Amino acid sequence: MSANLSASDEVLIGRIAQGDRLAMQVLFARHQVRVYRFVLRLVGNQAVAEDLISEVFLDVWRQADRFEGRSAVSTWLLAIARFKALSSMRRKPDEELDEETAGAIEDTSDDPEVAVQKKDKSAALRKCLQALSPEHREVIDLVYYHEKSVEEVAEIVGIPEATVKTRMFYARKRLSELLKAAGIDRGWP
Amino acid sequence: MNKTNQKMSADDLEALLPWYAAGTLDAREADEVEAALSADPELARRFDLVREEMTETILLNEALGVPSARVMENLFKAIDKERKSARAPAATSGLGAWLSDLFTPRAFAFAAGAAAIIILLQAGVITKMMLQTPVDVPSGASGSGFETASACPPTCTEPGAFVLVRFAPQASIADITRFLDSRDAVIVDGPRPGGAAGMYRVRVAEMALPKDELEKVVKEFQSSGNLVSLAMPAP
C-alpha cells in the first residue's frame, strides 16, 4: 500500500472515530476484498468469511478512537481479522472445519502431477500453494499478496521478526518439496 | 559497527528476496539485495523462483472472488442500529447532562461570584432606600411613608448600634425571639416596605460600636444557620 493511501486511511479512521458514516463506507470499500480473501484463506468457508469481515469492520467502527497509528490501517485490519478467524475456527469441531476447509475453495485445476503432464507449471504451483499448511499459506499470502513487510507480518501474526523470515523460508522450502513430488524440480533449496 | 553500514550475509540476503519482490524492504536493504542480485547469477535465478511464487499467489487470491453485497448491508445495518441507540440515551439524558454541567466546580464558582454581586447590589439599594425613606411623616404631609411606634429615622440620635436583618421565611417567631434574646438584641423598626421589604432594624448594642465590631456582629447574624437570610450594618 502506498504511503499516501496509508495516510488517507488514517484520516478516514479519525473521521470514523467521530461517527462519520461516509468515511466508514470509503474504508470498507477500500479494504473489504483483501480482508475477505485473507479471512477466507484462513477459515475456508465463504459464508463464515463474510460474517467475520462484517464483525471486523464493526469493530473498526467501535474502536476507531483507540487506533494509535503505530501501524498501517490495513495491518490493523488484518490483525483484527486474523484474531476473529482463529477464534471462529476454535469454536468449530475439527472434523467440520477440515471438511469445510477442504471443499471451501473451488479449484477446477488438475492435481499437480496431471498439471505437470499438461506442462502447466503455473497451475501446479497454485495447487501446491493450496496444499501448504495454514501457517505457511498465511505467511506467503501476507508477504506476496497483502504486501506486508517483515515488521507488519510480525505484528499481524504475533511472532518475532526473525521468526517471520524463518517461517517464510520454510514455507517456500515446503513449496519446492511439494513441486518436486509433483515432478517439478526447481533446483532449490 | 552500526546497523546502517553492517553488511548482510548471503543467507540473510536470500531470506529477504520475497520482500524485495513485493517492494516492502527499506531503502538500505533493497539496495543491498539489488547489488547482490547483480553480482550473483545463482541468487538472481532464485529470485526468479520467488517471482513465480508471487505471481501465482496473487492469481490464487484474486480467484477467491469478492464478498457479496450482503456484507455491506449487514455491516451498515449494525452501524445504524448502534448510532440510533447511541443517540437515544443522549436525547433522554439531556436534562441530566445539563444538570451535571450546572454542578461543575467552574459553574459553582461562577454562581457564587454572581450571588455575591447581587447581594452587594441589593445591599446598596437597601441602604439607599433606608436613607431616603421618610419615617414618622406627619399625617397629611406630602410624600408617602409609614409609621411605627418605635421607628427612628436614619438621622435620629437614638443611641445604640443597629443591624438591618431579613429573617428567613421558614424562621418561626419563637426561634427569632430566642435568637435575639441570646444576643441582647431587639427589633426597633420594621418590617420595611418597598425595596427594603421585609427588613427589620435591630438594635444590637446600647451604645454605638466601632465599625469592625459591628461587622463582627453582622457576620454572627449572617452565620445563624437558617434564621437570617440577609444582615448588614444599619446606617
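The values are calculated or read from the model by the stated rules, or taken from the named source; none is laboratory data. Values in this document were obtained by computation on a predicted structure and should not be read as measured data. Cβ atoms come from the backbone with ideal geometry, glycine included; neighbour counts cover every protein chain shown.
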For the stretch A:12-22, which residues satisfy the criterion of being farther than 25 Å from A:Ala49 by Cβ and more than 9 Å from every other protein chain (Cβ to nearest Cβ)? A:Gly14, A:Arg15, A:Ala17, A:Gln18, A:Asp20, A:Leu22
Could you list, in sequence order, all residues of the stretch B:189-227 that are of a type in the set (A, V, I, L, M, F, W, C) and at pLDDT 85 or above? B:Val202, B:Val204, B:Ala205, B:Met207, B:Ala208, B:Leu209, B:Leu214, B:Val217, B:Val218, B:Phe221
Could you tell me which of the residues A:Arg186, A:Arg174, A:Arg167 is within 20 Å of B:Asp11 (Cα to Cα) and modelled with pLDDT under 95? A:Arg186
Which of the residues that make up the stretch A:15-31 are closer than 17 Å to B:Arg83 by Cα and small (Gly, Ala, Ser)? A:Ala17, A:Gly19, A:Ala23
Search result, residues across the stretch A:122-147 that are farther than 15 Å from B:Trp19 by Cα and either in contact with an Asp or Glu (Cβ under 6 Å, 6 or more places away or on another chain) or at the interface with chain B (Cβ under 10 Å from one of its Cβ atoms) (or both): A:Ser122, A:Ala123, A:Ala124, A:Leu125, A:Arg126, A:Lys127, A:Cys128, A:Leu129, A:Gln130, A:Arg137
I'd like the residue in the stretch A:171-189 that is loosely packed, with under 14 Cβ neighbours inside 10 Å and in contact (Cβ under 8 Å) with a residue 24 or more places away in the chain and, out of all such residues, is farthest from A:Leu77 (Cα to Cα). A:Gly183
Can you pull out the residues in the stretch A:151-162 that are farther than 17 Å from B:Glu14 by Cβ and more than 10 Å from chain B (Cβ to nearest Cβ)? A:Ala154, A:Glu155, A:Ile156, A:Val157, A:Gly158, A:Ile159, A:Pro160
Say we look at the stretch B:5-39 and pick out the residues that are part of a loop (DSSP other than H, G, I, E, B), free of Cβ contacts under 8 Å to residues at least 12 places away in the same chain and under 21 Å from A:Arg172 (Cα atoms); which of these is nearest to the other protein chains (Cβ to nearest Cβ)? B:Thr24
Would you tally the residues in the stretch A:54-83 being touching a residue at least 24 places away in the same chain (Cβ under 8 Å), within 14 Å of chain B (Cβ to nearest Cβ), of a type outside the set (Asp, Glu) and part of a helix (DSSP H, G or I)? 11
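For every residue, the table says whether it meets (1) touching a Gly at 6+ places or on another chain (Cβ under 9 Å); (2) modelled with pLDDT of 95 or more.
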position: B:Gln6; (1), (2): no, no
position: B:Asp11; (1), (2): no, no
position: B:Pro18; (1), (2): no, yes
position: B:Leu25; (1), (2): no, yes
position: B:Ala30; (1), (2): yes, yes
position: B:Pro41; (1), (2): no, yes
position: B:Thr57; (1), (2): no, yes
Mind counting the residues in the stretch B:45-79 that are within 21 Å of A:Val35 (Cβ to Cβ), more than 7 Å from every other protein chain (Cβ to nearest Cβ) and assigned to a helix (DSSP H, G or I)? 5
So, in the stretch A:32-59, exactly how many residues are more than 10 Å from the chain's Cα centre (by Cα) and over 19 Å from A:Ala131 (Cβ atoms)? 16
Members of the stretch A:23-43 found to be within 11 Å of another protein chain (Cβ to nearest Cβ) and free of Cβ contacts under 8 Å to residues at least 24 places away in the same chain, listed by number: A:Gln25, A:Ala29, A:Val33, A:Tyr36
